[in-house]
Amino acid sequence: MRSLLGDDEETAILEEAMALIDSCEGFTSEGDSSSDSAGLRSHDQVDELKLLSCSRGKQGRKRENVFKPVTKKKRIRRPETSSTAFQRRKKAEVIALRTEVTELETRISYLQQKCQDMWEKCLSRNKETDMESGQAVVINWCEEAVRQYRYRRAAEDCNRKLKEIFESQSRLSHDLRAVLYQRGALNVSM
């Protein structure tokens, strides 16, 4: 069975296992003098055959996936983020932003109301002109918006048609010029 793995692979696996055991020393406390932790520190007491048989069961695994000691990255505390003054500035900024939000919300409601008032004035003016002409038609702002939308769509359609006509005229002009230049070239060559 020992011939399944080459000697180099066996020694590499054994070295990695020893490195894993050595890395476990850092996880035990130095003041702990139990027999278990002392047993882990000794390389002579590790059964090489058990390590190799365990590693043979996982032959499909690549060599890079062997356990490596995990080092937890230590959090770097910066004095500018942990100071009381920074915390106060941060809190003051949050409060200032909250007040700004409320101010902006009131400004939005004011502008919406102003826009609504302008629509009502426009509609009342239209209503007065309709009443003067003898028509008592009540127009609300939705109807005005629909009317404006229809005017815009009609203008866009007209603009699209005019662009198509212009494009066809410019193509016709280009084709006529090409024909005239060809005739001029034919007349010169004769």
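The values are calculated or read from the model by the stated rules, or taken from the named source; none is laboratory data. A quick note: this is a predicted structure, and the numbers were derived from the prediction, not measured. Cβ: placed from backbone, ideal geometry, glycine included. Neighbour counts: every protein chain shown.
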Of the residues in region 122-165, how many are at pLDDT 80 or above and not aliphatic (A, V, I, L, M)? 15
Search region 97-116 for residues that are closer than 30 Å to Cys142 by Cβ and pair each with any residue that is among the hydrophobic types (A, V, I, L, M, F, W, C) and assigned to a helix (DSSP H, G or I) when their beta-carbon atoms are under 8 Å apart and the residues are at least 6 apart or on different chains. Gln116/Trp141
